[in-house]
Amino acid sequence: MTLIDYMRSFVRGWTVLLVGLLLGAGVGAGVAKASPPEYTATTQLFISSSGAAADVTAAAAGNTLSLARATAYVELLTSQEFAARLTNLLGLDLTPQQVSKEIAPLVVASTPIINVTVTDASPQRALRIAQGIDQQFNALVQQVEGVTSKSPAPVTITVTETPTLPTGPSSPNLPLYLEVGALVGLVVAMIVAVMRDRLDKRVRNDVAAATAAGAPVLGLIPKDAEAARRPLGTVEHSRFAEAVQVVASNLRFVMVEAEPGALLVTSPNPGEGTTTTALSVARALAESGRRVLVVDANLRSPSVAPLLRLAEDRGLAQVLAGQMPVEQALQSADGRFAVLGAGTPPRNPTQLLSGPVMAELLAELVNQYEVVVLDSPALLRVADTANLAGLAGGVLLCTRWGATTSPQITRSREQLDRAHARILGVVTTFTPPGRGPHGAGADGSAAAEPARALPAARQETGFGDRMEGGDAQRGRPLLGQSRPGT
């Protein structure tokens, strides 16, 4: 992962980071509250050589001796012998080991000064131990140095800072606990955010969708609740309408390379905007002057006729069952394009859609209309769609932003491969505002580079050097048009 990938993970997981920060700070505050208070008393000892220095050399030697003794005396201050002496003389209710652990001497760098801190649960006892160090340490040094009346002490110990009664606890340090807790919580949350993002296979950019599908992304359609309810009533020049126009425009280019047949619109899972996309693209193609027919091939859960407020008692199911001719089942969507609804749901939808009657009917409709759009069920839910894909000239695969996963797209592609169907392109639906190509952009209405070259072998030629009418004028049929002689 690059630095940008990490930043995107943090932005997408900002709630995780916030929760981790707050939880960490809360844990730090809890630990501080649960920790017993401790008090610290401090004293300072200065080690100097005895006697006046006769010259510079003697003074330097005395200073060296003081520095050496200061380092050595640190060990004496934490020794068990000195702790036992303090315990006995002060009448402490602590063991020498406990007293020794409470004493923390530290030599100030390059000086013969020793700062001694005493930390205890009682402020009075901390003060008594610090005062006892001032009173008893010199005697211990004289004993260790072997001082007698004939052999004076080589150094003198002077108390330069006497201890005072602590006015407040030195530990726990609440601000420090909060800072450390928040930092630890934030680091853990960052790891969780990155790991969750790495394990999350939901598609949130056109590159991931195109790679999984092996086909170009033809556009990003934004989420529009009104368009989902009234696909033919969208406001012209709205973000949704502009995005559909981009999809239709790109689709006209890829249609040039497709085999004659219908355009199957499907998705890996239900609820990914298949019907809305099919109707919206059909409307855009019809407005460009094409004769368009929309067929609701979702016989299990029809939605085209209800959305368009058309009759639901006649349609594809009745035509396939031989109950009525196709001309009688056809309806009009506000005069824009023709519609063959699903009709009354049959008991055997798979048999009807995979039978020879469906193939014959589709061939007949392709000969009558320039573009035949099939709205179909989700690929990964029923076998109907794969059967229909084998009859269609191309497939438009819808994926839902932040919901459809890369493995689901890959499985859909594999099913279409087994049916010998070709994915013409991918449309990402429910794109959130402000999202553009690669998951980040300005308006989020559609991909700016929907037709760039992709690593998949499905895209045989580029789109940029072709115009819609070029191949048709040279005798190559558009999708939905029959070849000469058919």
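The values are calculated or read from the model by the stated rules, or taken from the named source; none is laboratory data. Everything numeric in this text was worked out from a predicted model, so none of it was measured. Heads up, the Cβs are rebuilt from the backbone with ideal geometry, glycines too, and the neighbour counts pull from every protein chain shown. For the accessible areas, the whole protein counts, side chains as well, though only heavy atoms, and no ligand, DNA or RNA atoms are used. Shrake-Rupley method; radii C 1.70, N 1.55, O 1.52, S 1.80 Å.
With respect to (1) under 30 Å from residue 63 (Cβ atoms); (2) in contact with a Pro (Cβ under 8 Å, 6 or more places away or on another chain), the lone exception for residue 142 is condition (2).
If you go through the stretch 160-179 and pick out every residue that is crowded, with 17+ Cβ neighbours inside 10 Å and more than 23 Å from residue 125 (Cβ to Cβ), you end up with 2.
Which one is most open to solvent (accessible area, probe 1.4 Å) among residues in the stretch 1-53 that are modelled with pLDDT under 85 and within 30 Å of residue 66 (Cα to Cα)? Looking at residues that are modelled with pLDDT under 85 and within 30 Å of residue 66 (Cα to Cα), I get 52.
Conditions (1) modelled with pLDDT under 90; (2) open to solvent by 30 Å² or more (accessible area, probe 1.4 Å); (3) under 19 Å from residue 142 (Cβ atoms); (4) not in a strand (DSSP E or B), marked per residue:
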{"position": "87", "(1), (2), (3), (4)": "no, no, no, yes"}
{"position": "94", "(1), (2), (3), (4)": "no, no, no, yes"}
{"position": "101", "(1), (2), (3), (4)": "no, yes, no, yes"}
{"position": "110", "(1), (2), (3), (4)": "yes, yes, no, yes"}
{"position": "114", "(1), (2), (3), (4)": "no, no, yes, no"}
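For first residues located in the stretch 402-430 and closer than 18 Å to residue 387 by Cα and among the charged types (D, E, K, R), partners that are open to solvent by 40 Å² or more (accessible area, probe 1.4 Å) and at pLDDT below 90 and lie 6+ apart or on another chain with Cβ distances below 7 Å form the pairs 422/458.
Pairing each residue of the stretch 195-222 that is closer than 12 Å to residue 407 by Cα with any residue that is modelled with pLDDT of 90 or more and of a type in the set (D, E, K, R), provided the two are 6+ apart or on different chains, yields C-beta distances under 8 Å for 212/413; 213/413. Filter the stretch 132-161 for residues that are without any contact (Cβ under 8 Å) to a residue 60 or more places away in the chain and not charged (D, E, K, R) and give the result. Residues satisfying the conditions are 132, 135, 136, 138, 139, 142, 143, 146, 147, 148, 149, 151. Within the stretch 122-159, the set of residues being open to solvent by 70 Å² or more (accessible area, probe 1.4 Å), aliphatic (A, V, I, L, M) and not in a helix (DSSP H, G or I) is empty.
Out of everything in the stretch 191-213 that is touching a helix residue (DSSP H, G or I) at 6+ places or on another chain (Cβ under 6 Å) and outside any helix (DSSP H, G or I), what residue ends up being surrounded by the fewest Cβ atoms within 10 Å (Cβ to Cβ)? Filtering first and then ranking leaves 201. The set of residues from the stretch 54-85 being of a type in the set (Asp, Glu) and modelled with pLDDT of 85 or more comprises 75, 81. When the stretch 290-299 is filtered for residues that are open to solvent by less than 60 Å² (accessible area, probe 1.4 Å) and over 16 Å from residue 344 (Cβ atoms), the ones remaining, listed by number, are 290, 292, 293, 294.
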